[in-house]
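Taking it in order: structure first as structure tokens, then the write-up.
The values are calculated or read from the model by the stated rules, or taken from the named source; none is laboratory data. Values in this document were obtained by computation on a predicted structure and should not be read as measured data. Glycine gets a Cβ as well: all are built from the backbone with ideal geometry, and neighbour counts include every protein chain shown. To get the accessible areas, we keep the full protein, side chains included, count just its heavy atoms, and leave off ligands, DNA and RNA. Shrake-Rupley method; radii C 1.70, N 1.55, O 1.52, S 1.80 Å.
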Amino acid sequence: MAALAAAVTLSSCIKNDEDLSKARSEARKHPQAMAHWASYCENQVKYWNVQVKTDIAIYVRTTKDQLPTVLCRRISKALMSNSIVLADIKALTRDHHVTPRMIAALRNG
């Protein structure tokens with residue numbers, strides 16, 4: 001149950017970098033929470049339009065079909081390593097814009 005709570009925290013209740021820091025701490029205590037979040041992330045990416053998936057797949061260096069899995073795994077890793085911040089996530093999820101930090105995280109994943 002704690003894992004589910006942490007996954008929900010990661011996906012919806014983060015309003016600033018302080019909340020993100022707290023969510024990281026919670027995810028470190030409950031690693032399975034990141035797996036739940038990654039699954040949620042993959043489901044969201046599946047609904048992106050084809051052009052956005054194609055563009056992002058170039059940065060991730062993968063196919064559109066593999067994009068949800070690879071992208072969300074790399075974002076999870078970047079979140080836990082503190083190499084991206086909330087602004088990077090918002091830019092990607094809301095505007096489908098890839099920031100320089102996000103590019104580095106996606107390529108180095």
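A few points about this structure:
- Test: residue in the stretch 74-82 that is open to solvent by 40 Å² or more (accessible area, probe 1.4 Å), outside any helix (DSSP H, G or I), modelled with pLDDT under 90 and small (Gly, Ala, Ser): yes
- Residue match in the stretch 35-53 (condition: modelled with pLDDT of 80 or more, buried (at least 18 other Cβ atoms within 10 Å of the Cβ), touching a helix residue (DSSP H, G or I) at 6+ places or on another chain (Cβ under 6 Å) and farther than 16 Å from Thr93 by Cα): yes
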